[in-house]
Each structure stands twice: as structure tokens, then as C-alpha cells.
2 protein chains.
Amino acid sequence: VNFERPNIRAMNGYISGEQPQGNDTIKLNTNENPYPPSPAVNLALQNLDISALRRYPPPTASSLRNSVANLHKLNPEQVLITNGGDELLRLLLATFVSLDETIATASPSYTLYDVLAAAHGCRMKHFVMQNWILPIDIAQQLNAASIKLCFIVNPNAPSGVLIPVEKISQLAEEFKGILVVDEAYVDFVNPNLAHDCVKLINRFDNLVILRTLSKGYSLAGLRMAYGLGQESLIQPMQYKTKDSYNTDLIAQTLAKAAFEDQTYAQDTWQKVRSERVRVRAELESMGFTSPASESNFLLASVPTTENAEDLYLQLKTAGILVRYFKVPQLDNTLRITIGTPEENNCLLSTLSKLLQKKY
Amino acid sequence: VNFERPNIRAMNGYISGEQPQGNDTIKLNTNENPYPPSPAVNLALQNLDISALRRYPPPTASSLRNSVANLHKLNPEQVLITNGGDELLRLLLATFVSLDETIATASPSYTLYDVLAAAHGCRMKHFVMQNWILPIDIAQQLNAASIKLCFIVNPNAPSGVLIPVEKISQLAEEFKGILVVDEAYVDFVNPNLAHDCVKLINRFDNLVILRTLSKGYSLAGLRMAYGLGQESLIQPMQYKTKDSYNTDLIAQTLAKAAFEDQTYAQDTWQKVRSERVRVRAELESMGFTSPASESNFLLASVPTTENAEDLYLQLKTAGILVRYFKVPQLDNTLRITIGTPEENNCLLSTLSKLLQKKY
């Protein structure tokens with residue numbers, strides 16, 4: 001007997017980037033921060049009292065939630081702490097999208113959105129970007145298609161291109177559904193741009209911002225993220241649809257320690273930004289092109305003489321993992337996470353040899 | 001604007017037992033294990049390398065999953081590691097129950113099932129037990145009502161009464177839908193009963209068993225549980241509907257350490273069993289009655305001269321929390337978690353004074 005719901009039976013699961021065990025591989029394929037978490041995380045770990053694990057954890061992660069609210073100058077009821085960003089994305093559909101409704105994204109984008117729509121059982125529509133720019137009339141297109149909820153990754157993945165605050169603000173104002181701005185990579189935006197969409201939260205009752213500690217705070221292994229929005233959007237997820245105790249006591253404690261050490265985190269972001277500029281210049285000197293990225297990765301179009309999939313496979317053989325997406329819009333590109341200077345040097349010298357067919 | 005789906009708008013969230021901060025309260029209201037986790041958990045914690053948190057965790061918690069499979073003599077693909085039992089319960093609905101289908105439970109039971117059905121948007125039907133015994137023709141009743149999935153808590157909560165393996169086996173055989181046996185409290189069953197439903201997994205393709213580390217392994221704060229079932233039931237949840245990285249690296253590591261220290265865990269279970277017998281006898285000597293419990297709590301009907309809610313409130317004033325359910329079937333009862341001998345003594349002496357109106 002196959003007991004699956006028809007939509008589940010018909011769908012394929014999400015395929016994430018390869019996660020080899022061990023440390024032999026230079027891993028530039030899943031956009032992790034190349035630096036370890038703050039030493040404050042280790043200190044918090046050493047101070048943990050495991051006897052406290054006997055009891056249920058604070059259901060809203062109240063202590064971490066207060067830290068997040070303070071930093072963003074929001075009310076704690078405007079903050080939802082989640083078990084990774086994936087949980088927030090899923091909860092948005094579970095809470096706000098009926099199965100006869102349609103969600104959307106500007107594509108190419110994070111392929112998980114399609115998987116979430118399929119698992120939820122609602123419809124999904126793609127609005128295609130040209131040169132990583134949102135269609136000028138995207139709000140009108142979304143409204144004409146009666147879209148209930150739209151995901152925008154900003155900075156975009158896989159390109160790293162940043163949509164300015166003014167455009168997000170205009171979209172939130174004109175779009176009649178819920179606008180979810182997935183800011184998984186926003187920590188890597190150049191601070192000189194003074195990019196800040198959080199200030200829009202109190203202006204728009206249809207805006208949710210996703211943040212994660214996976215990238216900026218080097219805690220992908222800990223599964224901690226959060227959503228920001230007005231109470232009318234946050235509370236139904238907080239008190240009705242999320243699992244009662246969705247994050248554990250240790251993750252709450254360590255995430256708080258990492259989050260409150262802004263100096264350390266910001267230092268890792270700055271290092272990534274410097275390397276991003278350098279790696280992009282070096283790649284361009286080899287004949288790659290890539291849009292200017294405000295994220296911790298570059299989407300590099302390979303030189304016209306090369307095949308992206310071949311290069312991906314040759315890099316893999318050389319012990320370097322990057323991300324290759326076998327889809328028409330991206331089939332001449334590689335998405336390369338910015339690593340440490342040493343990792344980046346290794347990538348660049350290997351690419352250089354491969355391009356000269358000397359490897 | 002209220003963007004909530006109609007079913008979400010109409011529902012109320014789950015209300016869990018009170019969780020006071022601090023250690024001033026004797027907490028016998030949410031069925032936690034009164035003993036701390038195994039020292040092996042502390043050792044594993046001290047050996048953690050936080051730099052590993054930079055990367056995503058093993059998506060299926062493979063190392064812990066192998067331990068669980070070994071202990072239960074199952075294939076790892078028959079094991080799903082989840083972020084608490086709540087996640088497994090939710091995934092079962094998300095994966096197998098269409099919104100026009102109906103799920104069921106034998107009640108009184110865990111009220112979360114109703115909340116999950118409301119959040120999912122499916123229908124829920126209650127089959128009422130008499131004296132905590134399943135109706136003899138429950139499979140026929142479930143089939144007649146076209147029930148897609150039925151939750152049975154065993155040992156039952158809130159009574160602690162155990163349904164024997166033969167009855168579960170018969171129900172799995174006759175019921176045409178998915179039978180979910182929620183064994184959150186099964187670790188506390190007297191081993192002399194040789195109660196083992198896991199051996200049914202390979203016989204029935206419609207059976208899922210839930211286990212949790214929250215109670216038996218004193219890890220409620222860590223949010224780790226698992227489901228057991230044939231691959232046709234486990235795989236769609238594992239690879240399609242669960243969040244890609246649903247449990248974090250630290251929780252996986254510490255849960256494995258606790259799970260592999262069976263000697264320690266079993267010792268705590270035995271202590272709870274001894275106290276369960278003693279507390280029940282003492283309560284009965286004071287005029288309470290309770291069904292024989294195979295769990296870590298007792299459902300005590302108060303003496304006919306007393307009012308359960310008043311007693312609950314008086315105990316709370318005295319610094320002792322027990323659980324009072326304000327529903328017609330349970331309104332003369334208190335659910336009392338078995339604590340340490342000292343905690344139980346304090347409960348018993350306080351109750352004794354309250355009953356003699358000497359407090």
C-alpha cells in the first residue's frame with residue numbers, strides 16, 4: 001500500500017549540496033562561513049549545565065528572542081526563533097497559504113521553494129528575472145496572478161546580486177500578498193551600502209524577513225534562524241503552527257552567545273567581503289564573468305571555451321567542491337562560495353591550471 | 001489584513017503544562033524524568049568541537065540513526081530521527097493525510113493530536129475509551145469511518161494504562177489506515193511484562209512507532225525523538241517532507257551518547273517504577289484511586305469529598321505543580337508525574353495535610 005498524499009507521491013525531495021565527511025575537501029559548494037563560530041560559543045558550551053536538559057526548553061527561545069529584538073529594535077513578539085530558516089519557510093506556507101492558492105518567487109532562485117510548495121500542495125509560479133533584476137512591474141504581475149505569498153532572496157542566490165531597499169519597499173507596498181524577503185546572506189552586504197530592510201517591518205503588515213545564524217554566525221550545524229514581522233504575521237506561527245518546542249535549550253544558548261558577539265561575526269563578514277573582491281577580480285582575469293555579489297559566493301560564468309559541468313567535475317577530482325546547477329539558465333555557471341584566503345588560492349590556482357589544460 | 005488560512009484562523013494553539021523558571025517548584029506536571037541525563041552526555045559535550053558547527057549537520061542524523069537501528073534490530077532506513085516527537089506527529093499528517101481525510105484517536109488522550117489536525121486542516125474523530133480500554137471493535141469502527149490514520153498513546157496518557165502487544169497487533173492487522181503507536185512513555189513499562197511492539201514493524205506496512213529521548217533519557221530540553229516503520233512509511237518523511245536538516249549536530253551527538261548508555265537510563269526507569277508503586281499505594285491509602293500505571297505518572301481520582309481543581313491550586317500554592325485537565329472526563333482527577341523519592345514525599349505529606357485541612 002502507498003499511503004502518501006497524491007502531492008507527496010508526485011514530488012521529489014530537495015537535493016542539497018554534497019556534504020562529504022572529513023576535512024580533505026575544500027568545500028566551496030554550500031555557502032558556509034569559512035571561519036569557525038565565535039569563541040563565545042565555546043565558552044557558553046563549557047558553562048552548560050546538562051541537568052537542565054531534563055526539562056522542556058523555553059518554547060519561544062525567550063532569551064535569544066530578546067537579544068534579537070534588541071538588536072533590531074523590534075518588539076519580541078515581532079520575532080520568531082526557528083529551527084533553521086527552512087522551518088520558517090515551511091511555517092509561512094502552513095500558516096498562510098491554502099492549497100488552492102499560488103505562491104511565487106523571482107527565479108532563478110532557491111530551489112527549496114519549489115519543494116516546499118510541492119510538499120504543501122499549493123501551486124507555484126516563477127517570475128523570471130533578466131540579469132538578476134526584478135521585473136519593474138513585478139507587484140502588478142503578482143497581483144494579477146493572485147499570488148498569496150512571494151519569496152525574494154536578497155541578496156539573491158545563486159547570483160549574490162542585491163535588490164536595494166527602495167525596491168523591496170515598493171514591492172511590499174504594492175503587492176497584496178505576503179512578501180517574504182529571505183535575507184540568509186544579508187550579513188555579507190557591504191556596510192557602506194547601509195542596506196537595511198528591517199526598518200520596513202513596522203511600515204508593512206505583509207512583510208516577513210528571514211535571517212539565519214547558519215552563514216553569518218558560522219552555525220549551520222546548529223540550525224538556528226529567525227523571522228521578523230508584525231505580530232499579525234508572527235503570532236499565528238509562534239502560537240499555532242510551529243512545533244511547541246521547536247528549538248532546543250543548547251541551540252538557544254549557543255546561538256545567543258554567537259549572536260551577542262557581533263564584533264567577532266562582523267570581522268568574519270569583512271574578511272569574506274575582501275576575499276570576494278579579490279576572487280572575483282582573479283576569476284575575471286581568467287575569463288570568467290560574474291555579477292557583483294553582496295553575498296558570500298560568486299556566480300561565475302565560465303569562459304566560453306569551457307564547459308561548466310566539466311570544470312565542476314575536474315575541480316571535484318582535485319578535491320575542491322563548488323556548486324553546479326544542471327538547469328538551462330545556469331548551465332554555463334559555477335556557484336563558488338568564498339572561503340579562507342588559502343582555500344581561495346587553491347581554487348584559483350587549480351582553475352588556472354585546468355584552463356591551461358596543464359593539470 | 002488577516003492572512004491566516006481559514007483553519008488556522010479558527011484554531012487555538014496547544015497549551016502545554018506550566019514551565020516555571022528556577023528550581024523552587026516541585027514540578028510533577030509535565031512528565032519529565034526526575035533524574036539528570038547520563039554522565040555520558042556531559043562527556044560528549046566536553047568533547048564537542050565547535051568548529052564543526054560551521055558546516056551543515058548530517059541530514060538523517062546517520063550516526064544516531066545507526067545506533068537506534070542496531071538497538072531495535074531494524075534497518076537504518078526504517079528509522080527517522082526527529083526534532084522531538086512533535087515533529088514526527090506533524091510529519092505523519094503532512095505526508096499521509098489529505099485535507100479531506102479524517103484522523104482519529106482513542107480518547108481521552110494527548111490533546112496535541114487535535115491541535116495538529118486543526119493546523120493541518122483535516123478532520124479529527126474521537127473514539128472514547130471506557131475504563132482506559134480500547135473498544136473491542138475499534139478497527140471495525142475506524143474502517144467504517146474511513147479513518148486514514150489513528151494515534152494510540154501506549155502506555156496511555158493521561159492514565160498510564162498499557163495496551164498489550166496482542167491488541168496492538170490485532171489493530172494493525174485489521175485497520176486499513178496507518179496506526180501510529182505513540183510510545184513516548186514505553187521505557188517505564190515493567191520489563192517483566194516483556195512488552196515489545198517494535199517486533200511488529202516488519203509484519204505490518206501500516207504501523208509507525210514513536211519513541212522519544214525526552215522522558216526515558218532525561219532529554220526533554222534537547223528535542224530528540226524517532227519514528228520506526230517500514231521504508232514505505234519512513235522514506236517519504238525522511239526524503240520529502242521533513243526539513244532538510246531537521247536536527248542539529250550537538251543534539252545528534254548528545255542523544256547518541258545518552259542512547260548508548262542504556263544501563264544508566266534503565267536505572268532511572270527502575271527507580272521511577274519503584275516510586276510509582278509506592279506513591280500509588282500511599283495515594284490510595286489517602287482515598288485517591290488510580291488505574292495501574294506503566295508510565296512515569298499516575299492519574300489519581302481525588303477522594304469524593306475533595307475537588308480536584310481546588311487541590312491542584314492548593315498544591316501550586318504550596319510550591320508543587322501537578323496537572324489538572326479542565327475537561328468533563330477528567331475533572332475529578334490530577335495527573336501526577338513520579339518524581340524523586342524526596343519530591344514524592346513532599347507531595348504526599350502536603351496532600352495529607354491538605355486532606356486533613358491542616359495546611
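The values are calculated or read from the model by the stated rules, or taken from the named source; none is laboratory data. None of these values were measured; they are calculated from a predicted model. Every residue, glycine among them, receives a Cβ derived from its backbone with ideal geometry; neighbour counts consider all protein chains shown. When the accessible area is computed, the model is the full protein with side chains, heavy atoms only, and any ligands, DNA or RNA have been set aside. Shrake-Rupley method; radii C 1.70, N 1.55, O 1.52, S 1.80 Å.
Every residue, every condition in (1) more than 19 Å from B:Ser159 (Cα to Cα); (2) over 23 Å from the mean Cα position of the chain (by Cα), yes or no:
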{"position": "B:Leu311", "(1), (2)": "no, yes"}
{"position": "B:Leu315", "(1), (2)": "yes, yes"}
{"position": "B:Ala318", "(1), (2)": "yes, yes"}
{"position": "B:Leu321", "(1), (2)": "no, no"}
{"position": "B:Lys326", "(1), (2)": "no, no"}
{"position": "B:Leu330", "(1), (2)": "no, no"}
{"position": "B:Leu334", "(1), (2)": "no, no"}
{"position": "B:Glu342", "(1), (2)": "yes, yes"}
{"position": "B:Leu351", "(1), (2)": "yes, yes"}
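Report the residue count in the range B:267-291 for those that are among the hydrophobic types (A, V, I, L, M, F, W, C) and either in contact with an Asp or Glu (Cβ under 7 Å, 6 or more places away or on another chain) or within 14 Å of chain A (Cβ to nearest Cβ) (or both).
Summing the residues that are among the hydrophobic types (A, V, I, L, M, F, W, C) and either in contact with an Asp or Glu (Cβ under 7 Å, 6 or more places away or on another chain) or within 14 Å of chain A (Cβ to nearest Cβ) (or both) in the range B:267-291 gives 2.
Out of the range A:190-210, which residues are crowded, with 16+ Cβ neighbours inside 10 Å and either within 17 Å of the chain's Cα centre (by Cα) or hydrophobic (A, V, I, L, M, F, W, C) (or both)?
Within the range A:190-210, A:His195, A:Cys197, A:Val198, A:Leu200, A:Ile201, A:Phe204, A:Leu207, A:Val208, A:Ile209, A:Leu210 meet the criteria.
So which residues in the range A:343-359 are open to solvent by 70 Å² or more (accessible area, probe 1.4 Å) and closer than 18 Å to A:Arg273 by Cα, if there are any at all?
Within the range A:343-359, A:Asn345 is the sole residue that qualifies.
Output the residues belonging to the range A:86-110 that are within 11 Å of chain B (Cβ to nearest Cβ) and open to solvent by 10 Å² or more (accessible area, probe 1.4 Å).
A:Asp86, A:Arg90, A:Ala94, A:Ser98, A:Leu99, A:Asp100, A:Glu101
Name the single residue that is surrounded by the fewest Cβ atoms within 10 Å (Cβ to Cβ) among those in the range A:53-64 being more than 9 Å from chain B (Cβ to nearest Cβ) and touching a residue at least 24 places away in the same chain (Cβ under 8 Å).
A:Ser63
In the range A:235-266, what count of residues is obtained for those that are part of a helix (DSSP H, G or I), among the charged types (D, E, K, R) and more than 7 Å from every other protein chain (Cβ to nearest Cβ)?
Summing the residues that are part of a helix (DSSP H, G or I), among the charged types (D, E, K, R) and more than 7 Å from every other protein chain (Cβ to nearest Cβ) in the range A:235-266 gives 2.
Any residue in the range A:290-300 that is open to solvent by 30 Å² or more (accessible area, probe 1.4 Å) and free of Cβ contacts under 8 Å to residues at least 40 places away in the same chain?
no
Within the range B:287-304, can one find any residue that is more than 30 Å from A:Thr82 (Cβ to Cβ) and among the aromatic types (Phe, Trp, Tyr)?
yes
Could you check the range B:28-44 and list, in sequence order, the residues that are closer than 15 Å to B:Arg223 by Cα, buried (at least 21 other Cβ atoms within 10 Å of the Cβ) and of a type in the set (S, T, N, Q)?
Matches in the range B:28-44: B:Asn31, B:Asn33.
Count, please, the residues in the range B:73-93 that happen to be over 12 Å from the mean Cα position of the chain (by Cα) and within 18 Å of B:Lys256 (Cα to Cα).
Selection size over the range B:73-93: 11.
With respect to A:Phe151, determine if the residue is closer than 23 Å to A:Ala106 by Cα and not in a loop (DSSP other than H, G, I, E, B).
It is true that A:Phe151 is closer than 23 Å to A:Ala106 by Cα and not in a loop (DSSP other than H, G, I, E, B).
Looking at the range A:267-286, which of the residues that are in contact (Cβ under 8 Å) with a residue 60 or more places away in the chain and open to solvent by 40 Å² or more (accessible area, probe 1.4 Å) is nearest to A:Asn66 (Cα to Cα)?
Restricting to residues being in contact (Cβ under 8 Å) with a residue 60 or more places away in the chain and open to solvent by 40 Å² or more (accessible area, probe 1.4 Å), the top hit is A:Lys271.
Looking at B:Ile81, is it open to solvent by less than 10 Å² (accessible area, probe 1.4 Å), over 25 Å from B:Asp267 (Cα atoms) and touching a Phe, Trp or Tyr at 6+ places or on another chain (Cβ under 9 Å)?
Criteria not met by B:Ile81.
Got at least one residue in the range B:208-219 being closer than 21 Å to B:Tyr56 by Cα, among the hydroxyl-bearing types (Ser, Thr, Tyr) and more than 7 Å from every other protein chain (Cβ to nearest Cβ)?
No, every residue in the range B:208-219 fails to be closer than 21 Å to B:Tyr56 by Cα, among the hydroxyl-bearing types (Ser, Thr, Tyr) and more than 7 Å from every other protein chain (Cβ to nearest Cβ).
Answer yes if at least one residue in the range A:16-24 is open to solvent by less than 30 Å² (accessible area, probe 1.4 Å) and at pLDDT 95 or above, and no otherwise.
Looking through the range A:16-24, none of the residues is open to solvent by less than 30 Å² (accessible area, probe 1.4 Å) and at pLDDT 95 or above.
Give me the residue from the range A:222-233 that is surrounded by 24 or more Cβ atoms within 10 Å (Cβ to Cβ) and not basic (Lys, Arg) and, out of that set, nearest to A:Leu28 (Cα to Cα).
Going through the qualifying residues, I end up with A:Leu222.
In the range B:128-145, what residues are part of a helix (DSSP H, G or I) and surrounded by fewer than 14 Cβ atoms within 10 Å (Cβ to Cβ)?
B:Gln140, B:Ala144
Please enumerate the residues belonging to the range B:57-86 that are part of a helix (DSSP H, G or I) and either in contact with a Gly (Cβ under 9 Å, 6 or more places away or on another chain) or farther than 30 Å from A:Glu32 by Cβ (or both).
Of everything in the range B:57-86, those that are part of a helix (DSSP H, G or I) and either in contact with a Gly (Cβ under 9 Å, 6 or more places away or on another chain) or farther than 30 Å from A:Glu32 by Cβ (or both) turn out to be B:Asn70, B:Leu71, B:His72, B:Gln78, B:Gly85.
When only residues in the range A:1-52 that are part of a helix (DSSP H, G or I) and within 30 Å of B:Leu207 (Cβ to Cβ) count, which is farthest from the other protein chains (Cβ to nearest Cβ)?
Here the answer is A:Ala10.
Closer than 23 Å to A:Leu74 by Cα, out of contact with any Cys (no Cβ under 8 Å at 6 or more places or on another chain) and crowded, with 23+ Cβ neighbours inside 10 Å: does that describe A:Tyr239?
It is false that A:Tyr239 is closer than 23 Å to A:Leu74 by Cα, out of contact with any Cys (no Cβ under 8 Å at 6 or more places or on another chain) and crowded, with 23+ Cβ neighbours inside 10 Å.
Can you find even one residue in the range A:68-83 that is out of contact with any helix residue (DSSP H, G or I) (no Cβ under 6 Å at 6 or more places or on another chain) and at the interface with another protein chain (Cβ under 10 Å from one of its Cβ atoms)?
There is at least one residue in the range A:68-83 that is out of contact with any helix residue (DSSP H, G or I) (no Cβ under 6 Å at 6 or more places or on another chain) and at the interface with another protein chain (Cβ under 10 Å from one of its Cβ atoms).
Rundown of residues vs (1) at pLDDT below 95; (2) acidic (Asp, Glu); (3) assigned to a strand (DSSP E or B), yes/no style:
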| position | (1), (2), (3) |
| --- | --- |
| B:Gly287 | no, no, no |
| B:Ala300 | no, no, yes |
| B:Thr304 | yes, no, no |
| B:Asp310 | no, yes, no |
| B:Gln314 | no, no, no |
| B:Lys326 | yes, no, no |
| B:Glu343 | no, yes, no |
| B:Leu347 | no, no, no |
| B:Leu351 | no, no, no |
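Residue by residue through the range A:310-342, note down the ones that are more than 23 Å from A:Val161 (Cα to Cα) and surrounded by 14 or more Cβ atoms within 10 Å (Cβ to Cβ).
A:Leu311, A:Gln314, A:Leu315, A:Lys316, A:Ala318, A:Ile320
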